[in-house]
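Have a look at the structure below before the remarks.
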Amino acid sequence: MTVAGRISKLLYPRLTVLITTCDSQGRPDVAAFSFFMPVSFEPKYVAFAVAPTRHTFSNLREVGEFVVNVPTADMLREVWICGTVSGKDADKFKLAGLTPIPSEAVKPPRIKGCPVQLECKVEYMGEFGDHYLVVGRVVAEHVEAEDYEPLLHYSGEVFYRVGRQLRAEG
């Protein structure tokens, strides 16, 4: 097992998100990511890691905006397509059957049916090993449902649904 594969399996499960971007001509793209996290509550910042070879990376360099769309566990098929097909070669919205909807504050579209959508402007991109850390300030948020079952990624083709709830006592 490679070191990359090992660390992915040691640090799991991870929330899976669909990041939408667009190029300077407005052509949208969507990609799946599980290297994602919140960074700050006030003001709201989120971060994710992207390989510089990804189409998402070039769109971020061109436009500097993105939307974090949180899919439900029932959207595994769509997430898998968006994570395994390159936006350089295909219209992943069409291929995955996703419906883009206009954002309010950024150019990339949101995804209809995702219960949470965070419109973001890039404030930092820095290289860390074989990925770039992208930090975005949330400039608009849309919450269509607060009670939903998120999709969690383990590694490769393995995903999880949320199990039982635990509460800390103390």
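What to note about this one:
- Scan of the stretch 55-89 for residues that are of a type in the set (D, E, K, R), at pLDDT 95 or above and more than 24 Å from Y160 (Cβ to Cβ), ordered by number: R61, E62, E65
- Of all residues in the stretch 124-155 being of a type in the set (F, W, Y) and within 14 Å of F66 (Cβ to Cβ), the one that is most open to solvent (accessible area, probe 1.4 Å): Y124
- Test: V63 is of a type in the set (A, V, I, L, M, F, W, C) and in contact with a Lys or Arg (Cβ under 8 Å, 6 or more places away or on another chain): yes
- Within the stretch 65-95, if we keep just the residues that are touching a helix residue (DSSP H, G or I) at 6+ places or on another chain (Cβ under 6 Å) and surrounded by 21 or more Cβ atoms within 10 Å (Cβ to Cβ), the residue that is nearest to T53 (Cα to Cα) turns out to be G87.
- Of all residues in the stretch 42-54 being touching a strand residue (DSSP E or B) at 6+ places or on another chain (Cβ under 8 Å) and open to solvent by 40 Å² or more (accessible area, probe 1.4 Å), the one that is nearest to K92 (Cα to Cα): R54
- Residues being more than 17 Å from R137 (Cβ to Cβ) and part of a helix (DSSP H, G or I) are represented in the stretch 10-21 by at least one member.
- Taken over the stretch 99-113, the criterion of being assigned to a loop (DSSP other than H, G, I, E, B), under 24 Å from F57 (Cβ atoms) and open to solvent by 20 Å² or more (accessible area, probe 1.4 Å) is satisfied by P102, S103, A105, K107.
- Test: residue in the stretch 86-93 that is under 19 Å from R27 (Cβ atoms), free of Cβ contacts under 8 Å to residues at least 40 places away in the same chain and acidic (D, E): yes
- Leading residue by the ranking (nearest to V79 (Cα to Cα)) among those in the stretch 156-170 that are open to solvent by less than 90 Å² (accessible area, probe 1.4 Å) and assigned to a strand (DSSP E or B): F159
- Condition check for S34 on (1) touching a helix residue (DSSP H, G or I) at 6+ places or on another chain (Cβ under 9 Å); (2) loosely packed, with under 12 Cβ neighbours inside 10 Å; (3) under 21 Å from G136 (Cα atoms): one failure, at (2).
- Top-ranked residue of the stretch 114-170 - restricted to ones that are among the aromatic types (F, W, Y) and closer than 21 Å to R61 by Cα, ranked as nearest to the chain's Cα centre (by Cα): Y132
- Exactly one residue out of V39, V3 is open to solvent by 40 Å² or more (accessible area, probe 1.4 Å), at pLDDT below 95 and among the hydrophobic types (A, V, I, L, M, F, W, C): that is V3.
- Taken across the stretch 47-54, residues that are over 21 Å from D147 (Cα atoms), outside any strand (DSSP E or B) and free of Cβ contacts under 8 Å to residues at least 40 places away in the same chain do occur, with at least one present.
- Cβ-Cβ contacts under 8 Å between residues 6 or more apart (or on different chains), taken from a first residue in the stretch 126-154 that is outside any strand (DSSP E or B) to a second residue that is at pLDDT 95 or above and open to solvent by 90 Å² or more (accessible area, probe 1.4 Å), are listed as E149/D74.
The values are calculated or read from the model by the stated rules, or taken from the named source; none is laboratory data. Source: prediction; values computed, not measured. When we count neighbours, we look across all protein chains shown, and the Cβ atoms used for this are built from the backbone with ideal geometry, even at glycine. For the accessible areas, the whole protein counts, side chains as well, though only heavy atoms, and no ligand, DNA or RNA atoms are used. Shrake-Rupley method; radii C 1.70, N 1.55, O 1.52, S 1.80 Å.
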